[in-house]
Amino acid sequence: MNQNLFEQTDHYISQLLAPEDEALANAMTRMQEEDIPAISVSANQGKFLHILALMNNARTILELGTLGGYSTIWLARALPEGGRLITLESEPRHAAVALENIAYAGLEDMVDLRLGKAIDILPQLEEEQAGPFDFIFIDADKPPYVEYFEWALKLSRPGTVIVADNVIRNGKVMDDQSEDERVQGAKRFNEMLGACTGVTATILPTVGVKEFDGMAIAIVK
Ligand code: SAH
Ligand code: DHB
Ligand code: MG
């Protein structure tokens, strides 16, 4: 595969249609300074999530996996006044940088970062009737993606859009021999999604600055 061409294309699109303002650029710089892994969505993928949230008139967004808050900023910027985004992160070091980046972007009033394992916080969200969410972005650890999706459905209403990142993993999901638990998690997720009658869904392959991958997109019936 021509990774160089994919990277150039990602930059080409991002520069024309998803230029980073100061807050997004600052988030990237702060993550590099703090040695946080470079696994945020790319600028044009962030813009894509932003547009999906706008298309669905999202007022409430749930994100699993904050990292440094880069995708959080793109998503929160799609919210109208009074909108709200809850984002879940288990790594305190990531959460601390994300909180700074979110505040720097002026989004601290809209964004509620919950520190802890997603699988522990999701039942709490149900308990406190935080849902239904209009838009849910699944991007935390990959092995429990099926369980995260089941929780996403519980926290949804008809019309909720659920997006899951990293479901193709450089095509490794087509390899039955892969022992990578992240690949197995994505593969199990994709098979579940194909059989799920409660949503209409597809997977959009993504190429760009990161490895060849894909985003699953589902709308709740
Ligand atoms: N959405 C981010 C990238 C997220 S990377 C962006 O595109 O900008 C995945 C994040 O999920 C990491 O920060 C990791 O610490 C976090 N994570 C891993 N396991 C988790 C868990 N069990 N619960 C919540 N977050 C988790
Ligand atoms: C990984 C996680 C991500 O969310 C991503 O977009 C890319 C890679 C990972 O854990 O390897
Ligand atoms: Mg991801």
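The values are calculated or read from the model by the stated rules, or taken from the named source; none is laboratory data. The structure displayed is predicted, hence computed values, not measured ones. Because the Cβ atoms are built from the backbone with ideal geometry, glycine has one as well, and the counts that use them run over all protein chains shown. These accessible areas exclude ligands, DNA and RNA; they are computed on the full protein's heavy atoms, side chains included. Shrake-Rupley method; radii C 1.70, N 1.55, O 1.52, S 1.80 Å.
Tabulated results
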{"quantity": "Lone qualifier among Leu49, Leu122 - being within 13 Å of ligand 3 (Cβ to nearest atom) and among the aliphatic types (A, V, I, L, M)", "calculated": "Leu49"}
{"quantity": "Whichever residue in region 77-121 is over 13 Å from Glu63 (Cα atoms) and charged (D, E, K, R) and, among such residues, is surrounded by the most Cβ atoms within 10 Å (Cβ to Cβ)", "calculated": "Arg77"}
{"quantity": "Every residue from region 1-11 that is open to solvent by 100 Å² or more (accessible area, probe 1.4 Å) and over 22 Å from the mean Cα position of the chain (by Cα)", "calculated": "Met1, Gln8"}
{"quantity": "Filter result for the condition that a residue is buried (at least 17 other Cβ atoms within 10 Å of the Cβ) and within 16 Å of ligand 3 (Cβ to nearest atom), over Ser14, Ser42", "calculated": "Ser42"}
{"quantity": "From the options Gly159, Gly208, residue that is more than 16 Å from ligand 3 (Cβ to nearest atom), in a loop (DSSP other than H, G, I, E, B) and touching a residue at least 12 places away in the same chain (Cβ under 8 Å)", "calculated": "Gly159"}
{"quantity": "Failed item, numbered, when Asp175 is tested on (1) open to solvent by 70 Å² or more (accessible area, probe 1.4 Å); (2) away from ligand 1 (no atom under 16 Å from the Cβ)", "calculated": "(1)"}
{"quantity": "Options Lys210, Lys154, Lys187, Lys142: the member that is in contact with an Asp or Glu (Cβ under 9 Å, 6 or more places away or on another chain), over 18 Å from Leu64 (Cβ atoms) and at pLDDT 95 or above", "calculated": "Lys187"}
{"quantity": "Meets criteria (surrounded by fewer than 20 Cβ atoms within 10 Å (Cβ to Cβ) and basic (Lys, Arg)) for Arg169", "calculated": "no"}
